[in-house]
């Protein structure tokens, strides 16, 4: 699929076809960030786009935040908007090729941008990128969306089955504070990395 390459996403930014971009930190994630106490957490935001979430975390004093995006233009946009953000934590790379570990990974419109055929690989990669006790936190659409191009939707039942083996569900419920166009269409999720044995 054409969406599974960097050029597709680079072109979307160059042509300003970024309908998923809120222009601000997503309210449910903003509220979650504000209650975090440990500013040393190593955090990853994959498929970060213009990275308003990373900007807000930086503003709050979190000093160990990484973003990764295939589109170099997205990374350049961040550099221009947040010149003080550490350049070595702005990664223009393929998420599936990352070789690091994090305490917390933030999901914001990355999952729905991937072809559904990559969802199992997404779950496994998330598991490998998280440290023991690490968490995956973010938003997933709970509506059917496109079949042939992003965004791709889904439902709670599908997600529970998809994540169950590698993650312990802490929370998965309709976000109460989504932006108006996404009201009742987003699930706020918190999932904790499971310890997997060879018997699993």
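The values are calculated or read from the model by the stated rules, or taken from the named source; none is laboratory data. Here the structure is a predicted model, which means the values were calculated and not measured. A quick note on method: Cβ atoms are made from the backbone with ideal geometry, for glycine too, and the neighbour counts reach across all protein chains shown.
Wholly within segment 96-200, which strands (runs of 3 or more DSSP E) include no fewer than the required count, namely at least 3 residues that are surrounded by 15 or more Cβ atoms within 10 Å (Cβ to Cβ)?
102-108, 130-141, 186-193
Okay, residues lined up against (1) at pLDDT 95 or above; (2) farther than 23 Å from residue 133 by Cβ:
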position: 158; (1), (2): yes, yes
position: 161; (1), (2): yes, yes
position: 181; (1), (2): no, yes
position: 188; (1), (2): yes, no
position: 193; (1), (2): yes, no
position: 197; (1), (2): no, no
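Cβ contacts < 7 Å: first residue under 13 Å from residue 138 (Cβ atoms), restricted to segment 34-52; second residue modelled with pLDDT of 95 or more and in a loop (DSSP other than H, G, I, E, B), any location; separation 6+ or different chain. Result?
43/62; 43/64
Evaluate the following for residue 118: is it touching a residue at least 12 places away in the same chain (Cβ under 8 Å) and farther than 25 Å from residue 27 by Cβ?
Yes, satisfied.
For residue 26, only one of the following conditions fails: (1) touching a helix residue (DSSP H, G or I) at 6+ places or on another chain (Cβ under 8 Å); (2) modelled with pLDDT under 60; (3) surrounded by 13 or more Cβ atoms within 10 Å (Cβ to Cβ). What is its number?
Failing condition for residue 26: (2).
Can you work out which of the residues in segment 53-64 that are in contact (Cβ under 8 Å) with a residue 24 or more places away in the chain and over 19 Å from residue 80 (Cα atoms) is farthest from the chain's Cα centre (by Cα)?
Among those that are in contact (Cβ under 8 Å) with a residue 24 or more places away in the chain and over 19 Å from residue 80 (Cα atoms), it is 60.
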